[in-house]
Amino acid sequence: MLFPVRCWTCGKVIGHLWNEYNERLQIAKVSNDNLENGLEPLFKELGLKRFCCHTMFLSHYETYEDAIKMGFPEDYSNMT
Ligand SMILES: [Zn+2]
C-alpha cells in the first residue's frame with residue numbers, strides 16, 4: 001500500500017514527508033548518533049507533533065515492492 005496523503009486520525013497532510021522521513025532515518029541509522037533520543041527529534045524536524053501522525057510513519061510498510069517481486073501471471077485466462 002502506498003503511504004497515505006493525510007493522517008487518518010487528524011487529517012494533517014503528511015504524504016509529502018514520507019521520502020524525507022526515510023532519507024533522514026537512513027542517515028540517522030548510518031551515523032547512529034541521532035537515534036539516542038528515539039525518533040522524537042526527527043518528527044519535530046518534520047513538523048509532526050501529534051502521536052497519531054507519528055503512528056502513520058511508524059506503522060507503514062511498503063507492500064508494493066513485495067508485490068513486484070512476486071511478478072504477474074503469464075496467462076490471465078486461467079485466473080477466471
Ligand atoms: Zn495525525
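The values are calculated or read from the model by the stated rules, or taken from the named source; none is laboratory data. Computed from a prediction, not measured in an experiment: that's the story for all the values here. Every residue, glycine as well, gets a Cβ built from its backbone with ideal geometry; the counts of neighbours run over all protein chains shown.
Taking region 3-16 as the range and being surrounded by fewer than 14 Cβ atoms within 10 Å (Cβ to Cβ) and in contact with a His (Cβ under 9 Å, 6 or more places away or on another chain) as the test, the residues that pass are PRO4, VAL5.
Consider only pairs whose beta carbons are under 6 Å apart and that are at least six residues apart or on different chains; among these, list those whose first residue lies in region 4-30 and is among the charged types (D, E, K, R) and whose second residue is outside any helix (DSSP H, G or I). So the pair list comes out as ARG6/VAL13. Please list, ordered by first then second residue, the pairs with beta carbon atoms under 8 Å, 6 or more apart or interchain, first in region 38-50 and under 20 Å from TRP8 (Cα atoms), second part of a loop (DSSP other than H, G, I, E, B) and of a type outside the set (A, V, I, L, M). Going by the 8 Å Cβ cut-off, the qualifying pairs are PHE43/LYS49; LEU48/LYS12; ARG50/CYS7; ARG50/THR9; ARG50/CYS10; ARG50/LYS12.
Being under 14 Å from the mean Cα position of the chain (by Cα), at pLDDT 85 or above and of a type in the set (Phe, Trp, Tyr) is a property that TYR64 lacks.
Counting only residues that are aromatic (Phe, Trp, Tyr) and within 16 Å of the ligand (Cβ to nearest atom), which one in region 22-71 is farthest from ARG6 (Cα to Cα)? Filtering first and then ranking leaves PHE43.
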